[in-house]
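What follows draws every value from the coordinates through simple rules; no lab data is involved. None of the values given here were measured: they were computed from a predicted structure. Neighbour counts are summed over all protein chains in view; Cβ atoms, including those assigned to glycine, are modelled from backbone coordinates with ideal geometry.
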Amino acid sequence: MKVSHQTSATATGGRWGASKLDDGSFEINSLPPNNNEDGLNPEQLSALGYCACFATAMQLVAHRMELALSACSTTVEGGMQKLEGRGVGLEAGPYANIAGLSEPEAHSVLNATNKVCFLFQIFARQRRG
């Protein structure tokens, strides 16, 4: 498979350090969850990426189905969970707000998006084990 986009990032110090994109375009302080200092934790960053991926996949799916979305947004709720006998993993689920489609059309788009968004597939595989 040909790589269409590639990036790299470096984290130093884990949850009490700094994380940055290697091209210098973005840098944050890394913090553990429930911390009141200035920074983000990895779960928050994962949620941001998942939202963008899922919304883009929704738009692509709607276009392929020849459906016109007038607007859409995605919210991801998630966090860490203990995986039985396998340590810790991320639990995340997208919620979509789709304007301009009937309810059956919106459900069709969401069901198809679940098969297209690679992050959805990663989280689904993690839940299945």
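FRET efficiency for the residue 65 to residue 43 pair, using the beta carbon distance and R₀ = 30 Å, is estimated at 0.40. Only helices enter this figure: runs of n ≥ 4 DSSP H residues, each worth -39500 (n - 2.57), summed and divided by the residues of the chain, yield -12500 deg cm²/dmol at 222 nm to the nearest 500. About its Cα centre, the chain has a charge dipole of approximately 560 debye under the convention of +1 per Lys or Arg Cβ and -1 per Asp or Glu Cβ, with nothing else charged. Each label was represented as a point 7 Å from its Cα along the Cα-to-Cβ direction; for residue 6 and residue 35 these points are 3.1 nm apart. For mean projected area of the Cα convex hull in nm², the value computed from the atomic coordinates appears in the list (i) 7.1; (ii) 9.2; (iii) 10.3 under label (iii). Annotation: the residues 91, 77, sorted from fewest to most other C-beta atoms within 10 Å of their own C-beta, follow the order 77, 91. Principal-axis analysis of the Cα atoms of the chain puts helix 103-116 at an angle of about 50° to the longest axis.
Reachable lysines from residue 115, Cα under 26 Å, same-chain residues fewer than 8 places away excluded? Partners within reach: 2, 82. If you run the Gaussian network model on the chain, springs between alpha carbon atoms under 10 Å, then out of 32, 42, 94 the most flexible one is 32. Taking amide H positions as modeled 1.01 Å from N, with prolines and chain starts lacking one, the residues under 5 Å from residue 41 and 5 or more places away or on another chain are 31.
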